[in-house]
Amino acid sequence: MTCKFDRRAFIGGSIATGAALAAPGILRAAPAGEVVVRGLGGAYQDAMDAAIYKPFTKATGINVAVQLATAAQVVAMVDAKRIAIDVLDLGELQLISLNKRGILGPIDYDGMKFTNPGDIKASVRHPNLVGNLYFATVLVYNTDVFKAGEHPKSWKDFWNVAAFPGARTLADQRSGAAELEFALLADGVSRDHLYPIDMDRAFASLDRIKPHVSKWWDTGAISAQLLERKEAVAGGLWNGRAQDLIDKGAPLAIEWNEAKQQLQMWATVKGSPNAENAQRFVDFALQPQVQAELTRHIAYGPTNDKAFKFVRPEDLAKLPSAPENYKNSFDQNAVWWSDNLAAIGERWQSWVLH
């Protein structure tokens with residue numbers, strides 16, 4: 001199974017309604033023997049249920065209850081001192097913001113019994129948050145238009161509409177982040193010199209591709225539709241969304257070179273009613289065998305390096321953090337984005353409308 005849910009919700013956490021938090025049954029502290037996890041719904045939740053939630057309950061006897069909530073609703077419940085969630089499953093940008101507000105509790109790496117913390121990539125292991133999985137924005141192209149070996153192999157090629165003609169699609173800022181990094185790569189900046197982003201240079205590069213963009217997409221569903229309908233012959237898409245189309249027989253392929261790696265992360269809520277169970281859950285979910293099992297259900301990559309020993313060969317090529325895919329990609333600098341998100345949003349809105 002691959003990702004079939006709306007990635008805008010995946011990044012922004014915009015799934016639940018305020019009514020959900022107002023339900024008395026949800027606001028009560030969960031009874032002993034439970035852990036309440038902020039979920040996302042859809043195919044992602046189905047994958048988590050099969051690979052993590054049910055196995056955790058079987059191994060520990062602790063029931064997993066899933067609560068849909070936005071990052072803003074998590075803040076509201078903490079401010080009201082009515083904490084109903086123990087574990088957060090959110091994008092890195094959102095968790096950095098919550099951490100700045102003092103909402104997250106520490107990850108007890110020293111107390112881990114299931115996982116060896118040293119097996120987790122050092123770059124995703126932080127005091128109050130830890131990498132859950134990798135997803136990526138990748139260059140996707142139509143194989144009816146571009147034959148094998150003749151397709152755009154970099155963002156410089158993607159920008160080169162003379163050599164690789166056809167309409168393009170790229171993410172709107174409303175999807176979570178505009179593709180400033182791809183614009184810089186297209187302009188000759190190397191992967192290891194992308195940050196801090198030179199916004200003037202990035203927007204100047206975007207000026208060149210703008211006339212060829214049929215639509216700036218803001219949801220994964222729209223990005224898929226554009227390529228399915230051939231309203232664009234190449235685009236920057238989330239790998240799970242693209243893989244879902246490919247698995248269904250769409251004439252598309254993924255170019256992993258210069259993919260942008262992004263993180264979904266685990267964190268615990270400070271003062272939550274089931275703090276000990278929350279630590280056990282995070283510990284369990286980070287095991288290599290558990291992360292490998294998740295790849296059977298959804299095309300997102302492990303953060304535990306030992307997991308790849310247990311990944312099926314047919315799944316490996318689809319994963320962002322698979323060694324062959326990861327080595328030619330770059331990690332999004334979520335700290336930089338968190339610090340500059342508001343300024344970019346204002347500039348983007350003015351730019352995209354003119």
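Summary of values
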read-out: Within the stretch 297-354, helices (runs of 4 or more DSSP H) holding 3 or more residues that are surrounded by 17 or more Cβ atoms within 10 Å (Cβ to Cβ); value: 334-352
read-out: Residue ID - nearest to Asp89 (Cα to Cα), chosen from residues in the stretch 248-267 that are open to solvent by less than 10 Å² (accessible area, probe 1.4 Å) and touching a Pro at 6+ places or on another chain (Cβ under 8 Å); value: Gln261
read-out: Residue match in the stretch 261-269 (condition: modelled with pLDDT of 95 or more and more than 21 Å from Leu104 (Cβ to Cβ)); value: yes
read-out: The stretch 123-136 residues that are without any contact (Cβ under 8 Å) to a residue 60 or more places away in the chain, paired with ones that are open to solvent by 10 Å² or more (accessible area, probe 1.4 Å) and assigned to a loop (DSSP other than H, G, I, E, B) (beta carbon under 7 Å, 6 or more apart); value: Pro127/Pro106; Pro127/Ile107
read-out: Residue list for the stretch 282-296, filter: in contact with a strand residue (DSSP E or B) (Cβ under 8 Å, 6 or more places away or on another chain) and either outside any helix (DSSP H, G or I) or among the polar types (S, T, N, Q) (or both); value: Leu286, Gln287, Gln291, Thr295
read-out: Residue satisfying all of: in the stretch 147-181; open to solvent by 10 Å² or more (accessible area, probe 1.4 Å) and of a type in the set (Phe, Trp, Tyr); nearest to Gln289 (Cα to Cα) among these; value: Trp159
read-out: Residue in the stretch 50-96 that is least open to solvent (accessible area, probe 1.4 Å), counting only those that are farther than 26 Å from Phe114 by Cβ and of a type in the set (Lys, Arg); value: Arg82
read-out: Helices (runs of 4 or more DSSP H) lying entirely in the stretch 91-191 (those with 2 or more residues that are more than 19 Å from the chain's Cα centre (by Cα)); value: 155-159, 180-186
read-out: Complete set of residues in the stretch 182-204 that are buried (at least 20 other Cβ atoms within 10 Å of the Cβ) and in contact with a Leu (Cβ under 6 Å, 6 or more places away or on another chain); value: Ala183, Leu184, Leu194, Ala202
read-out: Elements of type helices (runs of 4 or more DSSP H) contained in the stretch 196-258, each with 3 or more residues being within 22 Å of the chain's Cα centre (by Cα); value: 220-228, 239-247
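The values are calculated or read from the model by the stated rules, or taken from the named source; none is laboratory data. Keep in mind the model is a prediction, meaning the values are calculated, not measured. Cβ coordinates were reconstructed from backbone atoms using ideal geometry, including for glycine residues, and neighbour counts include every protein chain displayed. What goes into the accessible areas is simple: the full protein's heavy atoms, side chains included, and nothing from ligands, DNA or RNA. Shrake-Rupley method; radii C 1.70, N 1.55, O 1.52, S 1.80 Å.
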